[in-house]
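The values are calculated or read from the model by the stated rules, or taken from the named source; none is laboratory data. Because the structure is a prediction, the values reported are computed rather than measured. For neighbour counting, all protein chains shown are included, and Cβ atoms are generated from backbone atoms with ideal geometry for every residue, glycine included.
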Amino acid sequence: MEKTPPQKEFSGKRVVLFGPESTGKSTLSRKLAKHYHTTYIPEFAREYLQEKMDQTGTVCALEDLMPITRGQRRLENEAAKKAHKFLFCDTDALETWVYSHIYFNVAPEELEQVIALSEYDLYLLMQVDIPWQKDDIRDRPDDRAYIFNQFEDALKKFDKNYGIVTGTGEQRLENAIQIIEQTFK
């Protein structure tokens, strides 16, 4: 059975964009990478689950969670070779853990092991203050506040350093930059 690879060394700071669906994590990770002249890691689950939907017409199942976790880690390890100062991660294993509990009321034991062995310097928890956008994968427009709370509870449970990003458009980017600058003075 394939195991999730360990994190590759990275001398800079790892920042995870974290939170409910349709809160601008992908957009903000790209903008932050551009602002800090570094790279970001796209969300592996989005492509994986869209491909599954297109090929089989089915949605995420519990057995998809570890392949998603491994795929995300591989992308992270590749990006760590090119990044400098900051590495922006559009989600991580903890995000998968939260969704596992929301959808399946349980998480694979290996997923918790990956979380315990992963180190991130800052989580940017995305507030649900921008409009929800429908796509093939997103499905919880009416549960956003509840899901946000589940994400914040996970950060507290696993004792993660985090700031909450609010605002729309460029204000959201400026708020994220302010959190990063204050955290890494």
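Remark: pairs (first residue in the stretch 162-178, closer than 13 Å to M126 by Cα; second residue modelled with pLDDT of 95 or more and among the aromatic types (F, W, Y); Cβ separation under 8 Å; 6+ apart in sequence or on different chains) = Y162/F18; Y162/Y123; G163/Y123. Taking the condition in a loop (DSSP other than H, G, I, E, B) and buried (at least 20 other Cβ atoms within 10 Å of the Cβ), does P20 pass? Yes. Residues of the stretch 8-17 that are buried (at least 20 other Cβ atoms within 10 Å of the Cβ) and charged (D, E, K, R): R14 alone. For E51, state whether it is more than 21 Å from I179 (Cα to Cα), of a type in the set (D, E, K, R), assigned to a loop (DSSP other than H, G, I, E, B) and out of contact with any Cys (no Cβ under 6 Å at 6 or more places or on another chain). Spelling it out, it is not the case that E51 is more than 21 Å from I179 (Cα to Cα), of a type in the set (D, E, K, R), assigned to a loop (DSSP other than H, G, I, E, B) and out of contact with any Cys (no Cβ under 6 Å at 6 or more places or on another chain). Whenever a residue of the stretch 82-105 is in contact (Cβ under 8 Å) with a residue 60 or more places away in the chain, its partners that are of a type in the set (S, T, Y) and surrounded by 22 or more Cβ atoms within 10 Å (Cβ to Cβ), lying with C-beta atoms within less than 7 angstrom and at least six residues away or across chains, give the pairs F88/S29; F88/Y40; D90/S29; D90/Y40; A93/T69. Looking only at residues in the stretch 49-69 that are crowded, with 18+ Cβ neighbours inside 10 Å and touching a residue at least 40 places away in the same chain (Cβ under 8 Å), which one is nearest to the chain's Cα centre (by Cα)? Residue satisfying both the conditions and the ranking: T69.
Suppose the filter is out of contact with any Cys (no Cβ under 6 Å at 6 or more places or on another chain), more than 20 Å from T4 (Cβ to Cβ) and without any contact (Cβ under 8 Å) to a residue 24 or more places away in the chain; does G19 pass it?
No: the conditions fail for G19.
Is it true that Y99 is part of a helix (DSSP H, G or I) and of a type in the set (F, W, Y)? In short, yes.
Restricting to the stretch 19-38, what's the tally of residues that are touching a Lys or Arg at 6+ places or on another chain (Cβ under 7 Å) and modelled with pLDDT of 95 or more? Give the derivation first.
Residues of the stretch 19-38 that are touching a Lys or Arg at 6+ places or on another chain (Cβ under 7 Å), as a first pass: 19-22, 24, 28, 36, 38.
Filter once more, so that each one left must be modelled with pLDDT of 95 or more: 28, 36, 38.
Final tally of qualifying residues: 3.
Summed over the stretch 76-114, the residues that are surrounded by fewer than 18 Cβ atoms within 10 Å (Cβ to Cβ) and either within 11 Å of the chain's Cα centre (by Cα) or not charged (D, E, K, R) (or both) give a count of 10. Assessment of the stretch 155-168 against the conditions (at pLDDT below 95, surrounded by fewer than 14 Cβ atoms within 10 Å (Cβ to Cβ) and assigned to a loop (DSSP other than H, G, I, E, B)) yields at least one matching residue. Checking each residue in the stretch 117-151 for being part of a helix (DSSP H, G or I), more than 13 Å from the chain's Cα centre (by Cα), under 29 Å from K3 (Cα atoms) and modelled with pLDDT of 95 or more picks out only Q150. Among the residues of the stretch 54-70, those identified as closer than 22 Å to T4 by Cα, part of a helix (DSSP H, G or I) and of a type outside the set (V, I, T) are L62, E63, D64, L65, M66, P67, R70. The set of residues in the stretch 23-48 that are surrounded by 15 or more Cβ atoms within 10 Å (Cβ to Cβ) and outside any helix (DSSP H, G or I) comprises T23, G24, Y36, T38, T39, Y40, I41, P42, E43.
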